[in-house]
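To start, the structure under review is shown below, and the notes come after it.
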Amino acid sequence: MAKRIDISGLNAFYGSHKAIEDISMTVEPRSVTAFIGPSGCGKSTFLRTLNRMHEVTPGGRVEGKVLLDDENLYDANVDPVTVRRTVGMVFQRPNPFPTMSIFDNVAAGLRLNGSYRKSELNDIVERSLRGANLWNEVKDRLNKPGSGLSGGQQQRLCIARAIAVEPQVLLMDEPCSALDPISTLAIEDLIGELKERFTIVIVTHNMQQAARVSDRTAFFNLAAVGKPGRLIEIDETERIFSNPSVQATEDYISGRFG
Ligand SMILES: Nc1ncnc2c1ncn2[C@@H]1O[C@H](COP(=O)(O)OP(=O)(O)OP(=O)(O)O)[C@@H](O)[C@H]1O
Ligand SMILES: [Mg+2]
């Protein structure tokens, strides 16, 4: 359950372009870590190296280590499909499978992974929808299409789908950027609940959101346009927002650039 992530010497490339350089950091289990930094500094790229999604992009290549507890996700004998089940992901735009019912959206990952009895599947789908704080809104229309939900509901559906397969880590790339303030608060509350069970990493451009939901914050930046993104500092969120060690972090969080 809820494993610790230990990253060392990580570089990621798109073809010959190095997008992020020499990143080393740890992510504590059952905590929320926020990634912040200006557009193009490699936050999404870095996030996708944590579940081996980066290499799916043509030309995508990774150097360095990502240990999940003691296992390096990039060891030759590790199956990337298993990694993606263990390290789940929620994207910026809610992306439910459009032709599938609400029920089938949540059950999709389970059905891929094995065979479940109908009653087992019902239980897991209900538990996941409850876990995503969506059950009460959809329990009477489970066989209606997932695409018929509001944006905020669709994002909670995607979270339910992600947690149904019991991952140990949940990666979220700007999960609220397409949502209204009420849905955003609902997702933020949910993140607070989910961290009891999962290790969570969230990318956000919203400083208040980082301050509200995360335990630790990592600030990324580019030395110059075209240069790879780097980790500038990572610390307790309270400290990053009150008294960061690096001037560039201070400038970014106070809105002086980026
Ligand atoms: N599919 C791709 N092919 C080539 N280069 C890419 C690709 N995706 C991203 N990049 C480049 O990698 C760098 C990092 O991009 P990335 O999307 O990780 O940044 P980001 O910090 O998530 O930005 P944003 O805040 O705008 O989402 C950028 O220079 C970007 O142009
Ligand atoms: Mg991004």
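Since every read-out is calculated from the coordinates, none of them should be taken as a lab result. The model shown is predicted, which means the values in this text are computed figures rather than measured ones. Ideal geometry is used to build each Cβ from the backbone, glycine not excepted, and the neighbour counts take in all protein chains shown.
Scanning the range 37-64 for residues that are within 24 Å of residue 190 (Cα to Cα) and either within 11 Å of ligand 2 (Cβ to nearest atom) or of a type in the set (Asp, Glu) (or both) gives 37, 43, 44, 46, 47, 48.
Looking only at residues of the range 103-130 that are part of a helix (DSSP H, G or I) and of a type in the set (S, T, N, Q), we find that the one that is nearest to residue 186 (Cα to Cα) is 128.
Looking across the range 11-27, the residues that are surrounded by 14 or more Cβ atoms within 10 Å (Cβ to Cβ), more than 16 Å from ligand 2 (Cβ to nearest atom) and not polar (S, T, N, Q) come down to 13, 18, 21, 22, 25, 27. Applying the condition of being out of contact with any strand residue (DSSP E or B) (no Cβ under 6 Å at 6 or more places or on another chain), under 14 Å from residue 154 (Cβ atoms) and outside any helix (DSSP H, G or I) to the range 166-187 and asking which residue is farthest from ligand 2 (Cβ to nearest atom) yields 180.
I want to confirm something. Restricting to the range 133-157 and keeping residues that are touching a Gly at 6+ places or on another chain (Cβ under 9 Å) and touching a residue at least 60 places away in the same chain (Cβ under 8 Å), which single residue is farthest from residue 104 (Cα to Cα)? Restricting to residues being touching a Gly at 6+ places or on another chain (Cβ under 9 Å) and touching a residue at least 60 places away in the same chain (Cβ under 8 Å), the top hit is 154.
With the structure loaded, tell me whether residue 203 is within 13 Å of ligand 1 (Cβ to nearest atom) and either surrounded by fewer than 19 Cβ atoms within 10 Å (Cβ to Cβ) or within 13 Å of residue 175 (Cβ to Cβ) (or both) or whether it fails that test. Write out each step before concluding.
On the way: within 13 Å of ligand 1 (Cβ to nearest atom): yes; either surrounded by fewer than 19 Cβ atoms within 10 Å (Cβ to Cβ) or within 13 Å of residue 175 (Cβ to Cβ) (or both): yes.
So residue 203 fits the description; yes.
Where strands (runs of 3 or more DSSP E) sit wholly within the range 1-96, those with at least 1 residues that are near ligand 1 (Cβ under 10 Å from one of its atoms) and at negative phi occupy 5-14, 17-27, 32-36, 60-68.
Which of the residues belonging to the range 57-99 are in contact with a helix residue (DSSP H, G or I) (Cβ under 6 Å, 6 or more places away or on another chain) and under 23 Å from residue 178 (Cα atoms)? Answer for the range 57-99, where residues must be in contact with a helix residue (DSSP H, G or I) (Cβ under 6 Å, 6 or more places away or on another chain) and under 23 Å from residue 178 (Cα atoms): 88, 90, 94, 96, 97, 98. Scan 37, 42, 64 and give me the residue that is farther than 19 Å from residue 204 by Cα and out of contact with any Cys (no Cβ under 7 Å at 6 or more places or on another chain). From the options 37, 42, 64, the qualifying one is 64.
Based on this model, can you work out whether residue 163 counts as more than 16 Å from ligand 2 (Cβ to nearest atom), crowded, with 16+ Cβ neighbours inside 10 Å and at negative phi? Answer is yes for this residue. Within the range 82-89, identify whether any single residue is among the hydrophobic types (A, V, I, L, M, F, W, C) and within 16 Å of ligand 2 (Cβ to nearest atom), and answer yes or no. Checking the range 82-89: at least one residue is among the hydrophobic types (A, V, I, L, M, F, W, C) and within 16 Å of ligand 2 (Cβ to nearest atom).
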